[in-house]
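What follows is a single structure, written as structure tokens, with notes after it.
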Amino acid sequence: MLWFIKRNKSLRLDALSIASLVLLYSIYFEWYLPQVNERYTGDVWDLVCYASGGFIFYLLQRFP
């Protein structure tokens, strides 16, 4: 979305931004929502998937 909005394909997210987003999603979906609504469940494997997805995204965005 960033490339589409800014119309600049040279923009990249740094590791701190990606880690912050992973942490935010992890806290919201795996800790906060399960406490608020019984429909949601917290799962450690989801945290692993968020972290690995962030890492893979960081690696893939380095390619032109």
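The values are calculated or read from the model by the stated rules, or taken from the named source; none is laboratory data. Because the structure is predicted, anything quoted here is derived from the model rather than measured. No Cβ is skipped: glycine too gets one built from the backbone with ideal geometry, and neighbour counts run over all protein chains shown.
May I ask you to list the residues in the stretch 15-64 that are among the aromatic types (F, W, Y) and assigned to a helix (DSSP H, G or I)? Spell out the reasoning first.
If we filter the stretch 15-64 for residues that are among the aromatic types (F, W, Y), which is where we start, we get 25, 28-29, 31-32, 40, 45, 50, 55, 57-58, 63.
Selection gives Y25, Y28, F29, W31, Y32, W45, Y50, F55, F57, Y58.
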Legend entry - Inter-residue pairs, beta-carbon under 7 Å, first within 15 Å of F55 (Cβ to Cβ) and in the stretch 1-17, second at pLDDT below 70, 6+ apart: none
Inset, instruction - Report, by residue number, each residue of the stretch 14-32 that is surrounded by 13 or more Cβ atoms within 10 Å (Cβ to Cβ) and within 19 Å of L59 (Cα to Cα). - result: I18, A19, S20, L21, V22, L23
Inset, instruction - Would you check which residues across the stretch 46-63 are in contact with a Lys or Arg (Cβ under 8 Å, 6 or more places away or on another chain) and surrounded by 10 or more Cβ atoms within 10 Å (Cβ to Cβ) and list them? - result: Q61
